[in-house]
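Okay, structure first, notes after.
The values are calculated or read from the model by the stated rules, or taken from the named source; none is laboratory data. The shown structure was predicted, so the numbers you read here are calculated from the model rather than taken from an experiment. All Cβ positions, even for glycine, are placed from backbone atoms using ideal geometry, and neighbour counts span all protein chains on display.
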Amino acid sequence: MEHAEVRKKLSEYLDGVSSQDERAGIEAHLQGCDRCNSALAELEKTVSHLRGLPREEPPHWLTGRIMARVRAEAEKPSLWQRLFYPCHIKLPVEALALVALCVTGYYIARTTSPTVPLTSPQVLERGASPQSDQAPAKAGDTGGPRDRAPSVPAGMVPGAKAPATSERALDMPPPAPGFAAPPPRLPATTPASATIPPEPATKSFLPSRTQTPPPVSGAAAPAREMQERIRPDVIREERDISPGMMQRPAARARKSMRKEAAGEHGGRHEAESPAVAPRTIVLWAASPAIAGDEVARTVSTMGGVLVRREPGITGERLSVRIGATRFGEFLDRLEEIGRIAKKPALREGGTGVMELLVEIEPDR
Amino acid sequence: MRDAKPHNSDEDGALVAASRKGDLAAFECLVRRHQGRMLNIACRITGIYEDACEVVQDAFLAAHRGLGNFRGEARFTTWLTTITINLARNRLEQLRLRRKNEAFSLDDPLPGEDGDLPRDPPDRAPSPLDLVEQLGVREKLKGCIDALDTDFREVLVLRDLEEFSYEEIALVLRLHSGTVKSRLSRARESVKECLKKVVGVL
C-alpha cells in the first residue's frame, strides 16, 4: 500500500475495524516504513490523551430540575382532556355551542346571500349608463361607496355580488334548456350561442326595477328566477327589435358591468383576509414540540399572531401572521431555532401582513 | 476517569417500558443513568458547561415527551444521544449568532500565556494529582477539540470520549459508516497536528 493510503487507514487500523486485506497491507507497509510507524505512534498517543480527559460531572441539582419539568408537563392535562373532560359538563356545553354556531352561520349565510332584482321595463328608459340607472335606486339603500348594494333596487341585499343591475340583466341570455344556476357575476361570458337580450330601447322590455324579488339564499336561485321572469319578455320582444339597434348599447352595458363587477370583486377581496396564499417554511429541529413553542414565542414577541398550531404526522404545523416588513427578521429567528430546509422564494414580502405556514419536522 | 462501560440496554428497556406507562420513578432512573454522559457530549459540542446543562434538561424533557414514539428498535442511549446532539447543535448555532452580534462576549476564551484557553466551568477543580504540565496539555487538548468543525468534533467526541461504536455513531449522526470512519480519521489527525503545535512532541 502507498503512504497516503496507509495514512488514511491508520485510524481504522488503530481501532481494529479495518478489513482483513487492509490490515495485511498496512502491516506489510509498516514493517518497512519508519515515517508511517511514527505517525501511528503519534495517533495512538493522541487518542490516549483524548481518552484520558477528565469527565465533567453533572451539578447536584440537575436530576431534580429535570424531573420537576417532566412532572409539570406530565400533570398538565392533555388537549383531549382539556377539551372534553369532565364529560357530563363539557360535552353538552360544546354540543350546544356547536348548534348555536351552525344556526348563526345559517342565518348569516341567508342574510348575505345575493338576490336578483326583477326590474320593470320602465327602468330601462333611463339610458345605458349604470350610474344614471342606479341613481333612483339609491333611495333606501344603505351601502357604502364600495358596496354595490346602493346600485341595486330596494330589496336587494347589501353586499350581494349578484347581477343586480338592469344592465346586467341585459346580458342575460335566454337560458338554454337545462341551463343551470349561473354564478352571480354574469356574462362577460355570455355564451356565443345565446341570443343577446333585447336592448331597453323599446322601453317596455325588462321587468320593472322596482319589483323586489323575494330574498333568496345563494346566487343560483335568484339568477334562475330572473331568467324565468325575463324569458317571456325576451321572447316576446325579440321580434320587434333589430339586431343592429341592440348590439351597441348592450356592448356598452356589458363593459360597464364588467367594470362594476371587477370593482366589487376587488373591493370585497380587500375587505377579506390577505389575498396572498400562505407561504410555507419547512424547519428541521431536534424536538418539533420544543421548536414549536419557540416559534410561537417568537411570533408573539414580533407582534405577530399565531393563527393555528396543530401536530403533524411527525412534527408540528404552525399557521402564523406577521408583518411583511418583519419577514426577514422572522426567518433569522427561525434559523436560531432549527435548520430551515425550505423557505419561500422571496426574502421580503413587501407591506401588509403575511400568512406563513411553518412546518417543523424532526431533524435528519 | 472513564465511566464504567455503557449501561445494560436490557435494563434501559425495562425502565423505558415503565416510563411509557407513566412511571416517573422509572424515568428518573433513566435520567440518573444517562445524564452524565449526555452532559459531557453537550459540553464538548457547545463548549460551555452552563449551556450544556440546559441542553441536557431539554433533551430529557423531549425524550419524555417522545417516549410514545420511541419504538425500541434502537437502544435508548442511541436515541437519547441523537436528541442531545441535535439540541446541542441548535444551541451552538444560537451562541454563535449571539457572539456575532456582541462586541464582547463573556464566553470568549481567556487569553493565556500559551494562547487562548477555554473557560473552566466554575465548579470544576483540577485534580491535585495533575502535574502542571499535564494540566496544560489537557487544557490545550480541549482547545484543539473546540477548534474542530462541528461535524468532526461530534464524531471524535462520540468515539474517543464516549466510546460509542462505529455503528452506533452512524445511527446517532445518521451517517454512512464510511463517512464516520473518514471523519474520525480526519478529526484525529487535526487534533494530533494541533497538539503537536501547542505542546511540541507528543
### Query
Just to be sure, is B:Phe152 in contact with a Pro (Cβ under 9 Å, 6 or more places away or on another chain) and crowded, with 18+ Cβ neighbours inside 10 Å?
no
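Residue-by-condition table, conditions (1) among the hydroxyl-bearing types (Ser, Thr, Tyr); (2) over 24 Å from B:Ile48 (Cβ atoms); (3) more than 7 Å from every other protein chain (Cβ to nearest Cβ); (4) surrounded by fewer than 16 Cβ atoms within 10 Å (Cβ to Cβ):
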site	(1), (2), (3), (4)
A:Gly32	no, yes, yes, yes
A:Ala41	no, yes, yes, yes
A:Leu50	no, no, no, no
A:Trp61	no, no, yes, yes
A:Ala68	no, no, yes, yes
### Query
Given the conditions (1) farther than 30 Å from B:Leu24 by Cβ; (2) within 13 Å of chain B (Cβ to nearest Cβ), which single one is not true for A:Glu57?
(1)
### Lone unmet requirement of (1) within 11 Å of another protein chain (Cβ to nearest Cβ); (2) under 17 Å from the mean Cα position of the chain (by Cα); (3) buried (at least 20 other Cβ atoms within 10 Å of the Cβ); (4) not hydroxyl-bearing (Ser, Thr, Tyr) for B:His64
(2)
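Let me confirm something: among B:Leu156, B:Leu171, which residue is within 8 Å of chain A (Cβ to nearest Cβ), in a helix (DSSP H, G or I) and not basic (Lys, Arg)?
B:Leu156
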### Message
Restricting to region B:61-83, give me the number of residues that are of a type outside the set (A, V, I, L, M), at pLDDT 90 or above and within 22 Å of B:Ala25 (Cβ to Cβ).
### Response
6
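A quick yes/no check of all residues on (1) within 56 Å of the chain's Cα centre (by Cα); (2) hydrophobic (A, V, I, L, M, F, W, C); (3) more than 16 Å from B:Arg188 (Cβ to Cβ):
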position: A:Met1; (1), (2), (3): no, yes, yes
position: A:His29; (1), (2), (3): no, no, yes
position: A:Asn37; (1), (2), (3): no, no, yes
position: A:Leu40; (1), (2), (3): no, yes, no
position: A:Gly64; (1), (2), (3): yes, no, yes
position: A:Ala74; (1), (2), (3): yes, yes, yes
### Task
For region B:167-178, indicate whether the set of residues that are among the basic types (Lys, Arg) and in contact with a Phe, Trp or Tyr (Cβ under 9 Å, 6 or more places away or on another chain) is non-empty.
no
### Message
Among (1) buried (at least 20 other Cβ atoms within 10 Å of the Cβ); (2) in contact with a helix residue (DSSP H, G or I) (Cβ under 8 Å, 6 or more places away or on another chain); (3) within 13 Å of chain B (Cβ to nearest Cβ), there is one condition A:Glu336 misses while meeting the rest; what is its number?
### Response
(1)
### Message
Looking at A:Glu294, A:Glu348 in this structure, which one is among the acidic types (Asp, Glu) and either touching a Gly at 6+ places or on another chain (Cβ under 8 Å) or at pLDDT below 90 (or both)?
### Response
A:Glu348
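Taking region B:43-60 as the search range and keeping residues that are assigned to a helix (DSSP H, G or I), within 18 Å of B:Glu162 (Cβ to Cβ) and more than 9 Å from chain A (Cβ to nearest Cβ), which one is modelled with the highest pLDDT?
In this case the residue turns out to be B:Val55.
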